[in-house]
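Have a look at the structure below, then the notes.
Every number in this text was worked out from the coordinates using simple rules, so none of it is lab data. Because the structure is predicted, anything quoted here is derived from the model rather than measured. Reconstructed Cβ throughout: ideal geometry from the backbone, glycine too, with neighbour counts over all protein chains shown.
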Amino acid sequence: MPPVRSAPGRRAPEFRRSSRRRLPEWIWWLVGIFLVLGLMLFVLHHNQREHFRPPVVDKGSEFEETHHEKVNFTEELLSSTSFARQLTDQMTLAKAYVVLAKEHGNLQLAWELSSQIRNCQRLLSEEAVSGKAITKEEAHPIITRLARLIYKAQDSHYDISTTIVTLKSLVNALEERAKAAVVQTAEFGQLAAESVPKNLHCLTVKLTVEWLQNPKHRGRSEEHRNSTRLVDNNLYHFAIFSDNVLATSVVVNSTVSNANHPQQLVFHVVTDRVHFGAMSTWFLINDFKGCTVEVRCIDEFTWLNAAASPLVRQLSEMETQGFYYGDSKNLEREIKFHNPKFVSLLNHLRFYIPQILPNLEKVVFLDDDVVVQKDLTQLFSIELHGNVIGAVETCLESFHRYHKYLNFSHPIISSKIDPHTCGWAFGMNIFDLIAWRKANATALYHYWQEQNADLLLWRTGTLPAGLLTFYGLMEPLDRRWHVLGLGYDVDIDDRLIESAAVVHYNGNMKPWLKLAIRRYKYIWERKSAITVHHECVMPLKLGASVSYMELLFGTLFKKSFGEIFTYNLDWKF
């Protein structure tokens with residue numbers, strides 16, 4: 001069959017040109033939008049480059065700094081022309097009117113003034129942080145509002161005279177409150193220093209009950225009293241006068257633990273009637289490396305009476321009792337000078353050592369708040385050159401010289417004593433009792449104690465009396481024998497403490513108290529013979545408990561001049 005021919009003028013389908021497709025309209029719109037956005041970004045970028053282009057500086061023209069120097073905020077406050085100074089002055093005056101407005105019950109004005117004061121403080125703090133000076137535009141609104149409020153306050157009759165009178169009365173009231181707070185703080189601190197912790201009370205109770213229930217202890221105590229070692233001058237004798245069982249134990253323990261030959265040490269402990277049983281029991285049931293410990297009661301010294309001792313006679317006077325034991329409401333009184341410890345007979349027994357130990361030639365005296373770190377037997381070989389006492393001097397330049405302790409305006413003092421004489425320390429002293437008896441030092445102590453009956457020569461304590469009693473009779477010792485201040489000074493050199501033969505916790509912060517300086521407390525604790533728990537629970541038989549409680553709250557708490565008083569103690573048995 002012959003092929004079919006297409007119509008003339010038309011190509012066959014397979015040879016036809018494909019038809020051109022037209023793009024959708026939305027694509028053209030999208031392309032146009034992208035073109036416009038690109039053009040806008042180009043123009044914007046070009047303008048920014050022109051804006052941030054560094055300025056062209058002609059030769060010969062001066063360069064202008066574009067940054068601002070930070071201002072000195074202190075100078076701004078001191079400058080009389082600065083807005084910071086004006087704001088500060090306005091704020092100070094506004095604070096005064098806030099007080100006056102509150103005093104007169106105008107709380108609305110006080111609130112408005114306080115609000116503007118806060119705005120002023122915020123603006124000043126921003127200036128201090130940014131380092132830029134406060135401008136007129138920033139300061140003017142606040143200064144204007146503060147000025148209007150101050151004028152309003154003045155219009156309410158809060159004039160300058162009223163302001164001065166009111167503020168003066170407020171200042172006086174605050175001064176009185178501050179003064180009362182300081183005195184109250186001193187009283188609380190002194191009470192804390194004078195108190196005995198509960199655990200030490202408990203230890204005393206347990207030991208006293210043991211003393212009362214066990215007659216063997218009393219028998220052994222009498223045997224020790226008859227020992228020939230107590231009067232042997234070939235041994236090393238130490239005297240401790242204390243009512244603190246644990247503190248005395250630490251002194252004895254630290255002394256014997258550092259001695260080369262502890263069996264040659266003899267301790268003469270004197271305590272009061274309240275603690276005699278506890279002290280005796282403790283040293284009977286514990287062995288301190290074979291040393292000898294004698295415990296005596298101060299009531300045994302019948303010669304220590306009002307006829308022989310001016311101190312005992314003064315303690316029997318009502319005026320002295322009121323000074324040290326009275327409940328004074330006078331805020332002017334100095335609490336530390338009214339401490340009854342200063343007139344305690346135990347504290348003054350150091351002036352009667354030859355009478356207490358009549359057969360001895362040399363004695364080392366130790367306070368109960370010391371810790372021994374070296375062998376003290378070497379003290380007995382120190383030459384005192386005929387002097388009565390060996391002590392460590394405490395003066396540095398003008399500090400701790402005689403004029404710091406005594407009243408040199410009194411003719412008795414100024415005519416006999418050099419005010420620039422170097423002071424020295426009690427607490428660790430070597431006494432030559434032969435020289436003491438030759439100088440009749442106890443009579444000198446009685447003389448000065450009688451002269452100070454009205455407390456005009458010195459305020460209180462044993463150190464001023466000792467400075468006068470042993471004036472010209474003291475031999476200086478090396479400072480390393482005795483380092484003081486661990487009960488009040490927090491900056492003692494550690495090397496000095498390590499090299500010291502004896503460290504002394506003189507001051508109110510005793511190591512057995514919670515207010516002790518923690519930095520030094522470990523020295524005392526490592527020499528403690530026991531660890532006393534915070535609470536003490538112990539059974540007591542009815543008969544023993546009744547007799548003990550009668551003893552405890554009855555005649556045992558008798559003062560040296562015969563006054564009976566009662567303690568309210570929180571005991572847990």
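Quick notes
- Radius 11 Å from Cβ of residue 383, net charge of other residues (Lys, Arg +1; Asp, Glu -1): -2
- Inter-part distance, region 417-453 to region 261-303, computed on C-alpha centroids, equals 26 Å.
- For the pair residue 108 and residue 299, the difference between a 0.36 nm per residue extended length and the Cα-Cα distance amounts to 61.5 nm.
- Gyration tensor verdict on region 73-195 (Cα atoms; rounded if a/c is under 1.5, prolate if a/b is larger than b/c, oblate otherwise): oblate
- Chymotrypsin sites (Phe, Trp or Tyr not before Pro) within region 404-497, DSSP loop, no more than 13 other Cβ atoms inside 10 Å: 488
- Between the beta carbons of residue 129 and residue 437, assuming R0 = 51 Å, the FRET efficiency works out to 0.10 to the nearest 0.05.
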